[in-house]
Amino acid sequence: MTITTKLGGCAAALFLVAATASTAMAAEAGNPIWGLVKVDKLEYRAADETNTVAWDAQARAGTDTNKVAFKTSGEYVPDDDTFEKVETQLLYMRMATDFFDIQAGVRHDFEPGPERTYAVLGVNGLAPQWFEVDANLFLSDRGDASARIEAEYDILLTQRLILQPQAEINIAFSDDRPLGIGAGFSSIEAGLRLRYEIEREFAPYIGVAWERGLGETALRTRADGEDPERTSLVAGVSVFF
């Protein structure tokens, strides 16, 4: 699948969610319908061995109580014209409390191959101290279970200058040998980004991103002749509308 096809498909799905979900939920009286497209990250990552372009975007539409979301994230290697990662999710989200939504749906990974499809069940929202948390359980079409926990926090240095630490950990409950994933804690990622909100809807940023395979996953990565750890300097932009 070419870069044009993959990115075009992701973009089309983003706008499809925003355009159609409002109609589907229009009957929900007294609860305003809204839509949002947000590119949390669109960045260039410069590392010692491989430079990549990474993205993390989503579209949501519906009401405060019921909404649907399409999420996409991935990494593209310009020098090789290949994708390291391409993940998409289509979720239904239901408000559980004033701060948290329960979400369920489907996830599909195009890269790294072979492709996988997963059922998704999780929560998304604001934990105490205003940490944004996204925690999910996944069950693949091969029967492999896994989990992912993501957290981020905005530290306001000024009204426009914001420091954002982020962390993500992945846990596999069984081996997925074709993907090189071993049971246990499989990978961890962390980042620190400093953004400047020229407008609330547009914010360029710089920062650093670090990722590392863990346990059996790291051993398999080394066995394939690759380094399980990578640190990158990043520069990018965050936008929403």
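Below is a table of values for the structure above.
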quantity: Criterion violated by R230 - all others in (1) closer than 20 Å to R116 by Cβ; (2) of a type in the set (D, E, K, R); (3) within 19 Å of the chain's Cα centre (by Cα) satisfied; calculated: (1)
quantity: Failed item in (1) without any contact (Cβ under 8 Å) to a residue 40 or more places away in the chain; (2) touching a strand residue (DSSP E or B) at 6+ places or on another chain (Cβ under 7 Å), with G143 passing the rest; calculated: (2)
quantity: Single residue of the stretch 161-175 satisfying the filter (of a type outside the set (A, V, I, L, M, F, W, C) and surrounded by fewer than 16 Cβ atoms within 10 Å (Cβ to Cβ)) that is nearest to G215 (Cα to Cα); calculated: S174
quantity: Flag if P178 is assigned to a strand (DSSP E or B) and surrounded by fewer than 16 Cβ atoms within 10 Å (Cβ to Cβ); calculated: no
quantity: Only one of E216, E189 that is of a type in the set (D, E, K, R), surrounded by 15 or more Cβ atoms within 10 Å (Cβ to Cβ) and not in a strand (DSSP E or B); calculated: E216
quantity: In the stretch 43-70, the residues that are farther than 19 Å from S232 by Cβ and not hydrophobic (A, V, I, L, M, F, W, C); calculated: Q58, R60, G62, T63, D64, T65, N66, K67
quantity: Hits in the stretch 122-160 - residues which are hydroxyl-bearing (S, T, Y), surrounded by fewer than 13 Cβ atoms within 10 Å (Cβ to Cβ) and in a strand (DSSP E or B); calculated: none
quantity: Options T231, T221: the member that is in contact (Cβ under 8 Å) with a residue 40 or more places away in the chain, of a type in the set (V, I, T), within 29 Å of L126 (Cα to Cα) and not in a loop (DSSP other than H, G, I, E, B); calculated: T231
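Throughout, read-outs are computed from the coordinates displayed, never taken from laboratory work. Note that the structure is a prediction, hence the values are computed from the model and not measured. Reconstructed Cβ throughout: ideal geometry from the backbone, glycine too, with neighbour counts over all protein chains shown.
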